[in-house]
Amino acid sequence: MNPSEPNPRRIQMPWRKMRGQGAHTLAGAYALDAISAADRVRFERHLAGCQECAQEVASLREATARLGTATATTPPAGLKDRVVTAAAMTRQQPPAVGDTDSAARARLPRVGRWFGSLAWPGRLALAAGAVVAVVVLGAAVVFGVANGSIRQQLDQAQASSQQIAAVLTARDARMMTGPVTGGGTATIVMSHSRHALVFTAAGLRALPAARGYELWLIGPAGTRPVGMLSLGSRGTTGPVIASGLRHGDHLALTAEPAGGSSQPTAPVMLYVAL
Amino acid sequence: MTATGSTEPESRAPGAGSDLAAQIGLVARGDAAAFDAVYEQIAASVFGIVRRVIRDPAQSEEVTQDVLLEVWRTAAKFDAGRGSPMAWVMTLAHRRAVDRVRSVQKESERERRTASAAVPYDEVTEAVESSLERERVRRCLNSLTELQRESVTLAYYGGYTYGQVASLLGVPTGTVKTRMRDALVRLRDCLGVAEQ
């Protein structure tokens with residue numbers, strides 16, 4: 001009916017299916033420390049956004065702890081003296097107060113399940129938004145000076161970071177996070193009242209030199225390119241602002257020729273309802 | 001086996017968790033006396049699991065010391081809302097032990113450990129005589145299927161990754177992952193661990 005309706009063949013993504021299977025079955029292995037360091041990092045990133053999983057892991061940890069305490073053995077004489085002496089000379093870590101601490105991040109359950117989108121309560125949004133905005137300002141300035149006059153770039157960077165901050169602090173800001181097909185994790189903060197979203201990703205697979213990641217908004221108003229992503233170290237990208245967001249839009253991520261395409265080409269690595 | 005309550009380690013008493021949590025809270029504020037009390041409650045368990053995984057006595061002692069010092073250093077990070085204090089401590093201990101084992105996995109080392117890790121369950125059995133807690137854990141391990149039990153003991157006491165466990169047992173990795181999870185759920189229920 002609508003000629004600009006997204007072509008389902010091209011954007012049908014297995015990505016919803018990924019949620020239960022891959023990550024969740026790792027809960028046992030993770031609680032047993034039976035995973036590689038790389039898997040551990042990946043799974044912990046997942047845990048930070050999945051309260052249910054974090055709770056399950058916590059309860060499984062209670063079980064593994066009992067396997068551990070059952071092995072209790074009197075430690076060698078002299079150990080206590082050495083530990084106490086060493087403690088007296090060791091500075092303690094301060095408690096976490098900022099939201100940048102991983103423990104604190106793990107306690108932001110409302111931020112979402114695997115792309116379950118949930119509204120941020122205002123205060124949380126403001127607090128977290130402020131933190132992200134600081135990061136964003138820094139990042140935008142750094143990314144902005146690649147070409148053109150520095151002055152102009154800085155102006156643009158500042159405008160863009162103001163837009164980003166506006167989305168992050170909007171009352172209806174919603175944050176979603178989830179896996180990118182082929183590797184990586186994407187995080188989206190969107191605000192319909194601001195008609196915009198902020199996109200960041202980490203761990204994206206490197207593409208051949210002649211290709212790049214391109215973001216799209218796809219919906220009743222048609223398919224609009226948001227722009228090419230520049231990939232930093234370890235596959236990080238963004239924050240990128242996508243304005244012109246409308247109800248019914250989806251966000252899509254594809255790999256395209258470095259100059260960009262007029263239409264997204266399969267495979268679609270990310271396709272999220274906004 | 002029911003009349004051996006006096007030999008049970010003090011840290012296992014129900015309710016000890018909240019005391020320990022409170023003491024860790026004091027440790028976070030630099031309270032040396034509280035750290036002394038915490039040491040008494042956790043040192044044997046930390047040394048036990050580190051020794052079980054690492055085996056080498058000198059390295060075990062070194063890692064145990066690191067873990068206990070980490071408890072001192074990071075006490076402020078303990079969050080009672082996210083689990084029991086003992087689970088927090090044992091997570092630190094087990095992870096350190098496993099990391100140590102994996103970082104020094106030289107050929108000879110691995111061969112030696114493969115030979116010894118083939119019998120972790122028997123060792124549990126043999127260590128189990130003296131306390132109700134050990135008896136309880138042994139009984140719950142016994143309630144698992146063989147594959148579940150082997151997956152859990154090879155991983156937890158042997159320090160193997162699920163991939164290594166899968167190849168030791170000759171089963172697909174997916175199977176091992178689900179067995180580990182199922183096994184821990186059953187253990188949790190059998191041991192009467194309170195859900196968080």
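The values are calculated or read from the model by the stated rules, or taken from the named source; none is laboratory data. Keep in mind the model is a prediction, meaning the values are calculated, not measured. Here Cβ is always computed from backbone atoms with ideal geometry, including for glycine, and neighbour counts include all displayed protein chains.
Remarks
- Selected residue [at pLDDT below 90, more than 30 Å from residue A:80 (Cα to Cα) and either within 17 Å of the chain's Cα centre (by Cα) or more than 9 Å from chain A (Cβ to nearest Cβ) (or both)] from B:111, B:123, B:133: B:111
- Any hit, segment A:63-74, residues being more than 19 Å from residue B:158 (Cβ to Cβ) and of a type in the set (D, E, K, R): no
- Within segment B:62-105, the set of residues being within 17 Å of residue B:156 (Cα to Cα) and hydroxyl-bearing (Ser, Thr, Tyr) comprises B:64, B:91, B:103.
- Helices (runs of 4 or more DSSP H) contained entirely in segment A:8-117, each with at least 2 residues that are at pLDDT 75 or above and more than 11 Å from chain B (Cβ to nearest Cβ): A:37-48, A:51-69
- Residue count for segment B:130-166 satisfying the condition of being of a type in the set (Val, Ile, Thr) and in a helix (DSSP H, G or I): 4.
- Single residue of segment B:51-68 satisfying the filter (under 16 Å from residue A:77 (Cα atoms) and of a type in the set (A, V, I, L, M)) that is nearest to the other protein chains (Cβ to nearest Cβ): B:68
- Members of segment A:224-274 found to be under 16 Å from residue A:187 (Cα atoms) and of a type in the set (Val, Ile, Thr), listed by number: A:226, A:236, A:237, A:240, A:241, A:254, A:272
- Filter result (touching a residue at least 40 places away in the same chain (Cβ under 8 Å) and closer than 25 Å to residue A:205 by Cα) within segment A:233-250: A:235, A:238, A:239, A:240, A:241, A:242, A:250
The rows are residues; the columns are (1) within 16 Å of residue B:20 (Cα to Cα); (2) assigned by TED's automatic domain parsing to the domain that holds residue B:44; (3) touching a strand residue (DSSP E or B) at 6+ places or on another chain (Cβ under 8 Å); (4) in contact (Cβ under 8 Å) with a residue 24 or more places away in the chain.
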{"position": "B:55", "(1), (2), (3), (4)": "no, yes, no, yes"}
{"position": "B:63", "(1), (2), (3), (4)": "no, yes, no, yes"}
{"position": "B:71", "(1), (2), (3), (4)": "yes, yes, no, yes"}
{"position": "B:77", "(1), (2), (3), (4)": "yes, yes, no, no"}
{"position": "B:82", "(1), (2), (3), (4)": "yes, yes, no, yes"}
{"position": "B:89", "(1), (2), (3), (4)": "yes, yes, no, yes"}
{"position": "B:94", "(1), (2), (3), (4)": "no, yes, no, yes"}
{"position": "B:97", "(1), (2), (3), (4)": "no, yes, no, yes"}
{"position": "B:100", "(1), (2), (3), (4)": "no, yes, no, yes"}
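- Residue match in segment B:6-25 (condition: facing another protein chain (nearest Cβ under 9 Å) and either at pLDDT 95 or above or touching a strand residue (DSSP E or B) at 6+ places or on another chain (Cβ under 6 Å) (or both)): no
Each row is one residue, and each column tells you yes or no for (1) assigned to a loop (DSSP other than H, G, I, E, B); (2) among the hydrophobic types (A, V, I, L, M, F, W, C); (3) touching a Ser or Thr at 6+ places or on another chain (Cβ under 9 Å); (4) over 16 Å from residue A:211 (Cβ atoms).
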| position | (1), (2), (3), (4) |
| --- | --- |
| A:234 | no, no, no, yes |
| A:241 | no, yes, yes, yes |
| A:247 | yes, no, no, yes |
| A:254 | no, no, yes, no |
| A:260 | yes, no, no, no |
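- Inclusion of residue A:238 among residues that are touching a Lys or Arg at 6+ places or on another chain (Cβ under 8 Å), within 15 Å of residue A:180 (Cα to Cα) and not hydrophobic (A, V, I, L, M, F, W, C) is not warranted.
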